[in-house]
Amino acid sequence: MAHSKSPKFWRSCFYSTLDQFASDPDRSLIQGEAFTRNRKISLPLTARLIASLSSNSVRQQTLTFCKNNHTDFTESAFCQARQKFDHLILKNASLDFAHHVSCESSLYKGKYRLIGIDGSCFPILPNLEEPQNLVERYPKSSWALHFNAAFDLENHYYLDYQVQSAVDKNEHGAALEFVRQYDHAGVPIWIGDRLYFSYELASQIENRGQKFLFRMKERNCVSLLPADHPLYQEIDFTSSRKLIHTQKASTRNRPDQYKYVPKGSVSLITPEHTELVFPYRIIIAEISTQNEEDGTPVKTMEYLLTNLSDDEFSTREIKELYHLRWNIEVSFRDLKYVLNGKQVHSRKQNLIEQEINTAVIVYNLISVISKCAKPRQPGQKYRYQTNRKALSSIVLQFLIGKAAQKEVIWTIQNVVVPIRKNRHFKRAKSSTASTSTWK
């Protein structure tokens, strides 16, 4: 879906988001009045340079940035300036921009917003002063931050996210925060992998009038299925259970009506409300997936739990919605490799999170610019989409004034790739950050 606004409009919005820091320059949470004096490198200028960091050294990029912006400061001045403010300033700007671009996004069936929730590991440089980021594993430990995200699967926008240290990693807690803080247009359909399912998360979503679609583990499905239904047989079954914290003979003998959950695991069950009605729809279906080691396609039985009605969503649609969850995995790849999330320029968590925050803003900018025109369809066999990597490269050039708007539009329309369904690739995994040019 294309919209009428131009790349120049969105570039202006992007810079306005960063330039708003100038209205309150004393926003540092680290060293007090860091930007109150009339400095060559202001807080907005510092934010712009952080957003432009790539795999090159800080020195080289500072020189390029100064040349393009007709200013003059050293890489030492830049490094000192960025240490004087907290990364949360940039995160708030990133979320503000996400709200702005989500207003231009389409809704599924004109009503729903498809949101993938997932997390990914961002490798960083070792820093003995911040041991909370050490990941102990056999045979070799590593250093990392954990990135959790709520991602618009249709429009390719990051709507919300959290960065956690390795010690504080809590994907389930992050998902609950995303649900509680959701304030975008449309009824959200939260789509998550099996590690994200819990009765607490599902009941919180249901309680807010929202929707969920989770993949489940086999052992979690048995109590939700009709009696004696085999796990290897396909089914689309709608029912409900009353969640309870205590077991009695009257409830233990009625597994078709009651579901015991450990005490304290579902916060909506209280001494005043000892039962919680949990409506659900469980689907067992054969789905094409891939072997994560070598990327070969495999057929497997998957177990999906949802509260979407069968009147509005068929079994086939449910499978297609879950298949869209892979878009958030692709976005993690783009953050790390296309937008250089693995090319760290510091050892300190605060500075690394600054770069992650600006990478998210730039990712959303690229996504909204991609909707400024429609890709051409040169063939009949496949539908075609814009080459995301090529578009990212030209948008980054467009940001610093090295590319014109017409070049961006031309790239969206003409640098296209076919959409081939059911393609499988080996997943790229790495536990180390690229460190050769971080200084």
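Observations on the structure shown:
- Within the accessible area of region 120-197 (1.4 Å probe), percent carbon and sulfur: 50
- Accessible surface computed residue by residue for region 305-417, with neighbouring protein chains in place and a 1.4 Å probe, gives 44 Å² per residue.
- Linear extension gain, residue 128 paired with residue 92, 0.36 nm per residue minus alpha-carbon span: 10.1 nm
- Whether region 106-213 is rounded, prolate or oblate, judged on the alpha carbon gyration tensor where a/c under 1.5 counts as rounded: prolate
- Couplings 3J(HN,Hα) for region 109-126, derived from phi with the Karplus relation 6.51 cos²θ - 1.76 cosθ + 1.60 (θ = phi - 60°), are 6, x, 9, 9, 10, 7, 10, x, 10, 6, x, 8, 8, 10, x, 10, 6, x Hz, where x marks Gly and Pro.
- Gyration tensor (alpha-carbon) shape descriptor, region 41-195, a/c threshold 1.5: oblate
- Proximity of backbone amide H atoms, modeled 1.01 Å from N, is registered between residue 383 and 419 at under 5 Å, excluding neighbours fewer than 5 places apart on the same chain.
- Around the amide H of residue 161, modelled in the peptide plane, lie the amide H atoms of 150, all under 5 Å away and 5 or more residues distant in sequence or on another chain.
- Taking 0.36 nm per residue of separation and subtracting the Cα-Cα distance, full extension of the segment from residue 232 to residue 60 would add 56.1 nm.
- Of 211/381; 342/406; 371/421; 169/421; 67/374, pairs whose Cα-Cα distance is over 27 Å: 211/381; 342/406; 169/421; 67/374
- Computed 3J(HN,Hα) for region 140-145, one whole-Hz value per residue from the Karplus formula 6.51 cos²θ - 1.76 cosθ + 1.60 where θ = phi - 60°, is 9, 7, 9, 10, 7, 10, glycine and proline marked x.
- Here the Karplus relation 6.51 cos²θ - 1.76 cosθ + 1.60, evaluated at θ = phi - 60°, turns the backbone of region 238-254 into coupling constants of 10, 7, 7, 9, 9, 6, 9, 9, 10, 9, 10, 4, 5, 8, 5, 8, 10 Hz, with x for every Gly and Pro.
- Span-rule helices in the chain, defined as complete DSSP H runs reaching 20 Å or more along the axis (Cα) with Kyte mean at least -0.5: 88-102, 349-369
- Calculated Rg and Dmax of the Cα atoms in Å (choose from (1) 21.6, 74; (2) 23.9, 79; (3) 25.2, 75), label: (2)
- Taking every alpha-carbon pair under 8 Å whose residues sit at least 6 apart, the chain reaches a relative contact order of 20 percent.
- Spin-label pair residue 71-residue 393: with each label point 7 Å from Cα along the Cα-Cβ axis, the two points sit 2.9 nm from one another.
- For a straight C-alpha distance cut-off of 15 angstrom, the aspartates and glutamates reachable from residue 259 (same-chain residues fewer than eight places away being disregarded) are 200, 275.
- Nearest-0.05 FRET efficiency for residue 287 and residue 13, computed from C-beta distance (R0 41 Å): 0.55
- With the helix formula -39500 (n - 2.57) applied to DSSP H stretches of n ≥ 4, the chain reaches a computed 222 nm mean residue ellipticity of -10000 deg cm²/dmol.
- Rounded to 5, percent antiparallel among DSSP beta bridges of the chain: 75
- Difference of contour (0.36 nm per residue) and Cα-Cα distance, residue 405 to residue 217: 62.8 nm
- Across region 272-357, the relative contact order, built from alpha-carbon pairs under 8 Å that are at least six residues apart, equals 19 percent.
- Residue 5/residue 329 FRET efficiency (R0 25 Å; Cβ-Cβ; nearest 0.05): 0.30
The values are calculated or read from the model by the stated rules, or taken from the named source; none is laboratory data. Here the structure is a predicted model, which means the values were calculated and not measured. Virtual Cβ from ideal backbone geometry, glycine too; neighbours counted across all protein chains shown. Heads up: the accessible areas ignore ligands, DNA and RNA and are worked out on the full protein's heavy atoms, side chains in. Shrake-Rupley method; radii C 1.70, N 1.55, O 1.52, S 1.80 Å.
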